[in-house]
Amino acid sequence: MSPLLLIPLQLALATGSAHDSAPDHPHDPHPGHAVIDRASQLVPWCRAEAERRFVAKGLTPYQWSASYHDRGRMLNVTGRLRVEGRDVEVNCSVVRGAREYDASIQIDDDRL
């Protein structure tokens, strides 16, 4: 086989393996983020994200409580967080099978 014919083959093999970030999702731009298949899996993300936003503003969150449910393909969390003496409602949602970074959060508080 001619050495000139081997170069395209070597390039194809090298570029194919360079893009494999994770075996389950070879083209995932955010490897390491969990796939959420159940509403209960969204609860820890929702709490952590809400707490992170308050801490970033210098406020202290505590007393988290939450309920969760799914409606068709949508997974939902309704949470409540106590922040500096006030109860704050937190709502999170994501489509079943999506990654954490696709989840959305809504926090009803004028301090954010």
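The values are calculated or read from the model by the stated rules, or taken from the named source; none is laboratory data. It should be emphasised that the depicted structure is a prediction, and the values quoted were computed from it without experimental measurement. Here the Cβ is made from the backbone with ideal geometry for all residues, glycine too, and neighbour counts use every protein chain on show. Remember, those area values only see protein heavy atoms, side chains included, never the ligands or the DNA or RNA. Shrake-Rupley method; radii C 1.70, N 1.55, O 1.52, S 1.80 Å.
If only residues of the range 89-103 that are among the small types (Gly, Ala, Ser) and either touching an Asp or Glu at 6+ places or on another chain (Cβ under 9 Å) or farther than 14 Å from Gln41 by Cα (or both) are counted, the one that is least open to solvent (accessible area, probe 1.4 Å) is Ala103. For the range 39-55, the candidate set comprises residues that are open to solvent by 80 Å² or more (accessible area, probe 1.4 Å) and more than 13 Å from the chain's Cα centre (by Cα); within that set, the residue that is farthest from Arg111 (Cα to Cα) is Arg52. Evaluate the range 16-37: report whether one residue or more is among the aliphatic types (A, V, I, L, M), part of a helix (DSSP H, G or I) and at pLDDT below 95. The answer is yes; a qualifying residue exists. The set of residues in the range 61-88 that are open to solvent by less than 80 Å² (accessible area, probe 1.4 Å), within 19 Å of Asp110 (Cα to Cα) and not small (Gly, Ala, Ser) comprises Pro61, Trp64, Thr78, Leu81, Arg82, Val83, Val88.
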